[in-house]
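J.: Provided herewith is a single structure, encoded as structure tokens, for subsequent inquiry.
The values are calculated or read from the model by the stated rules, or taken from the named source; none is laboratory data. Just so it is clear, the model here is predicted, and its values are computed rather than measured. Methodologically, a virtual Cβ is constructed for each residue, glycine included, from the backbone with ideal geometry; neighbour enumeration extends over all protein chains shown. All accessible areas refer to the heavy atoms of the entire protein, side chains included, with ligands and DNA or RNA removed. Shrake-Rupley method; radii C 1.70, N 1.55, O 1.52, S 1.80 Å.
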Amino acid sequence: EYGKALYATQTWKRTIEGGSVYQIAWTRYPLKPPLTWNGQVSFPVELTLRSFPEGIRLCRQPIDEINNLRVSQQSWRDLTIEPGQKGPEIKSDLLDIRMDVELNTATDFSVIVRGHPIRYSVPQQMLTLGSESALLKLSNKRLRLRILVDRPSIEVYADQGQVTFSAITLENANQDISLVAEGGNVRVTSLEANRLESIWLGRSD
């Protein structure tokens, strides 16, 4: 986790011997604007160890039960995005986005969520959200992203969760999400945008 929003993590297992390992964390809010509450919990994740060319990495992936919150879906396949073009229109305040992107000739690719670019630089092999960056070496220039969007937050999981970011977005109410290629084109082999409902029963607002 390369963001600065998460702290006070809690990690647990369902059984003493074996079984999956889960984690949840408190999410730090900025001091401004002043609010009548402070902070929220992150989406729960499952922790796993996975092998990559660089070695074994601890990975974080959202738990499967988040799929139960889906109420509608938009999906696209085999989209080519050229520099200066916009990707498909996606707009909602609660989203679970999954995408698989072949970077082709592009030097940079960004997913802009509420005005915040999630950017991958091909020459630098770096994934960035806001002021935070992490080295992410891709296989065959293929970028896989999972993005969970809550009303005040963005959580990013890249390449099976070996790199993750969490950020708070209190200052930008813009719900538009766009895809941007720079320096060349990208091919979006698959893109899913799942609108989520509240975990609080009977609440849709």
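J.: For q = 0.26 Å⁻¹, what log10 I(q)/I(0) does the stretch 58-123 give under the Debye formula with an equal point scatterer on each alpha carbon and no solvent?
T.: After summing over all Cα pairs, the log10 values are -1.43.
J.: While we're here: Return the whole-Å distance between the Cα centroid of the stretch 21-41 and the Cα centroid of the stretch 151-191.
T.: Value for the Cα centre distance between the two parts: 20 Å.
J.: In Å and on Cα atoms, what radius of gyration and Dmax does the stretch 92-186 show?
T.: 12.6, 37
J.: May I pose another question? Compute the FRET efficiency between Leu35 and Arg151 as 1/(1 + (r/R0)^6), taking r as their Cβ-Cβ distance and R0 = 22 Å, and round to the nearest 0.05. Spell out each step's value before the answer.
T.: Working: r = 12 Å, r/R0 = 0.56.
After rounding, the FRET efficiency stands at 0.95.
J.: Quick check: convex hull of the Cα atoms in the stretch 12-119, volume per residue, rounded to a whole Å³?
T.: Working: hull volume 22.6 nm³, N = 108.
Taking only Cα atoms, the stretch 12-119 has a hull volume of 209 Å³ per residue.
J.: Can you put Thr164, Thr107, Thr128 in order of accessible area, largest first, using a 1.4 Å probe? Don't jump to the answer; show the numbers that get you there.
T.: Working: Thr164 0, Thr107 55, Thr128 35 Å².
My answer, sorted largest first, is Thr107, Thr128, Thr164.
J.: Cα-Cα pairs above 17 Å in the stretch 85-148: how many percent? Before the final figure, lay out each step's value.
T.: Numbers: 801 of 2016 pairs.
Cα-Cα pairs of the stretch 85-148 separated by over 17 Å account for 40 percent.
J.: Another question, then. Considering the Cα positions of the stretch 43-83, please state its Rg to one decimal place and its Dmax as a whole number of Å.
T.: Radius of gyration, then largest Cα-Cα span, for the stretch 43-83: 15.9, 38 Å.
J.: Another question, then. Roughly how many Å² is the accessible area per residue of the stretch 1-125, as a whole number, for a 1.4 Å probe? Provide the component values of the computation, followed by the final result.
T.: On the way: 7670 Å² over 125 residues.
In whole numbers, the stretch 1-125 has 61 Å² accessible per residue.
J.: Continuing with the same structure: In square angstrom, rounded to the nearest 10, how much accessible surface does Arg98 have for a 1.4 Å probe?
T.: Accessible area, nearest 10 Å²: 80 Å².
J.: For a paramagnetic label modelled at 7 Å from the Cα of Gln73 toward its Cβ, which residues of the stretch 81-104 fall within the zone defined by backbone nitrogen distances under 14 Å?
T.: Zone members listed by number: 96-100.
J.: Taking loop as defined by DSSP and a crowding limit of 13 other beta carbons within 10 Å, which trypsin sites (Lys or Arg not before Pro) in the stretch 135-205 fit? Display every interim value, and only then the final one.
T.: Working: sites: Lys137, Lys141, Arg142, Arg144, Arg146, Arg187, Arg195, Arg203; in loops: Lys137, Lys141, Arg203.
Those satisfying the criteria are Lys137, Arg203.
J.: I would also like to ask the following. Under the Kirkwood approximation for Rh and a Cα-based Rg, what ratio Rg/Rh is obtained for the chain?
T.: Result: Rg/Rh = 0.96.
J.: Between the alpha-carbon centers of the stretch 75-142 and the stretch 53-67, tell me the distance in whole angstrom.
T.: So the two Cα centres are separated by 19 Å.
J.: Measure off, as a whole percent, the carbon and sulfur share of the 1.4 Å-probe accessible area of the chain, all protein chains present.
T.: Carbon and sulfur: 49 percent of the exposed surface of the chain.
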